[in-house]
1. For region 116-198, what is the percent of antiparallel DSSP beta bridges, rounded to the nearest 5?
2. Using +1 on the beta carbon of Lys and Arg, -1 on that of Asp and Glu, and nothing else charged, what's the dipole of the chain about the Cα centre, debye to 20?
3. In region 55-114, which trypsin sites (Lys or Arg not before Pro) are in a loop and have at most 14 other Cβ atoms within 10 Å, using DSSP for the loop call?
4. So what's the back-of-envelope 222 nm ellipticity for the chain, counting only DSSP H runs of four-plus at -39500 (n - 2.57) apiece and dividing by all residues, rounded to 500?
5. Please arrange ASP198, ASP165, ASP268 by counting, for each residue, the other beta carbons lying within 10 Å of its beta carbon, fewest first.
6. Once amide H atoms are built 1.01 Å from N in the peptide plane, which residues 5 or more positions from TRP157, or in another chain, come under 5 Å H to H?
7. Using Cβ contacts closer than 10 Å as the measure, can you line up HIS179, HIS108 from fewest to most?
8. Charges at C-beta only: +1 for Lys and Arg, -1 for Asp and Glu. How large is the resulting dipole of region 46-116 about its Cα centre, in Debye rounded to 20?
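What follows is calculated from the coordinates using simple rules that are stated; it is not laboratory data. Computed from a predicted model, the values in this text were never measured in an experiment. Methodologically, a virtual Cβ is constructed for each residue, glycine included, from the backbone with ideal geometry; neighbour enumeration extends over all protein chains shown.
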Amino acid sequence: MPSLSSPLPAPFRSPDEFRQAFVDGLEQMLQHEGLGVFILVLANATFDRTLYPHLHDRLAERFDLLAARLSAAEAAGEPLPDAADDQAVFRQLLATGFDRLQLTRFRHAGPWQLQYNQLRAFRPPRMSQAVVTELCKPFDDQSFHFNKPFLNKEVLWQGELLGRDCRLLYNKFPFAMLHGLLVVDPMLKKPQFLAEADHAHVWQLTQTLGERLPGWGLGYNANGANASVNHQHFQSFLDEGDGLPIESARWRHNGGAEAFPLDCRVFDEAAAAWSFIDTLHHANTPYNLLYRPGRLYITPRAFQGSRKHADWAGGFAWAELAGACTLHQAQDYQTLTARDVSEALSTLSVIDSPDFS
């Protein structure tokens, strides 16, 4: 395996280079006519206040063109070539109105990070709201996966990283900065069930990229832990702040005095981390992961759909379990308290379950 000093391909050599490639890719997508790429660019632009003014006029112009195309197709009784999910999202955008779309807002509630993300509320739920009882589900080529030809326009980069074929796509409805979807060996069509070799590769990759990209991290949702797609993937981001709440020194798992609302295990060695993940696999216990350079946070939790959660919660995936909650209603964003978040997280606890060891 390459050493940490091995050359990295563009755009992974510096934060400025990565961000520029990210922005350039969004601008290029606006040259395409489809609803899907428009929605992706719009959602990424409204998430990033520094990017939105730069793209606003082109987005407004494209919105009007797409609205006219949709209206003409409906009048003629002709089907659109766009995916049904994209048509449904665009109709929600039309109902809202381009000028009434809101940029993502952020605040803290005690130790927790909150964001009001209007466009993410339009996202198709796919698997994330299904009731799941098993960690391992076979890959289904007929379901949504990241090899679909229409996703080619949504690829930020693809090539070899540390000896493995990798594909980095934009996250269509981002909730983290420079948010991507990393698929390792995409053509192997692996389900969302982590293998030891993939864990070891992602551990090393996080450490390697972290040397050039401060703030680099990867999130992972096991099947049944609010993964939305059963095609193995990790969610990449560049954190420009002080880290996620789960990383705070206040918590006992980081040597502090306060108890985190959920059991959290922290590992600084890949093999030891895998040993615990393997234990969870054998116990059929779902989990969320946060990979940071040389460090992994593992949060065992209840299966999605097995516990009643708060009305404000759209679901609990890796970011929520790391203490960063995405909210779809402005009222919830304004009124949610630190206690509300703590209590919601604690309902997912499995530390007393007889199946968890």
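1. Among the beta bridges of region 116-198, antiparallel pairing accounts for roughly 100 percent.
2. 300
3. Listed in order of number, the matching sites amount to none.
4. That calculation yields -10000 deg cm²/dmol at 222 nm.
5. With the sparsest Cβ surroundings first, the list reads ASP268, ASP165, ASP198.
6. Long-range HN contacts for TRP157: LEU168.
7. Placing the least packed residue first, the sequence is HIS108, HIS179.
8. About 440 debye.
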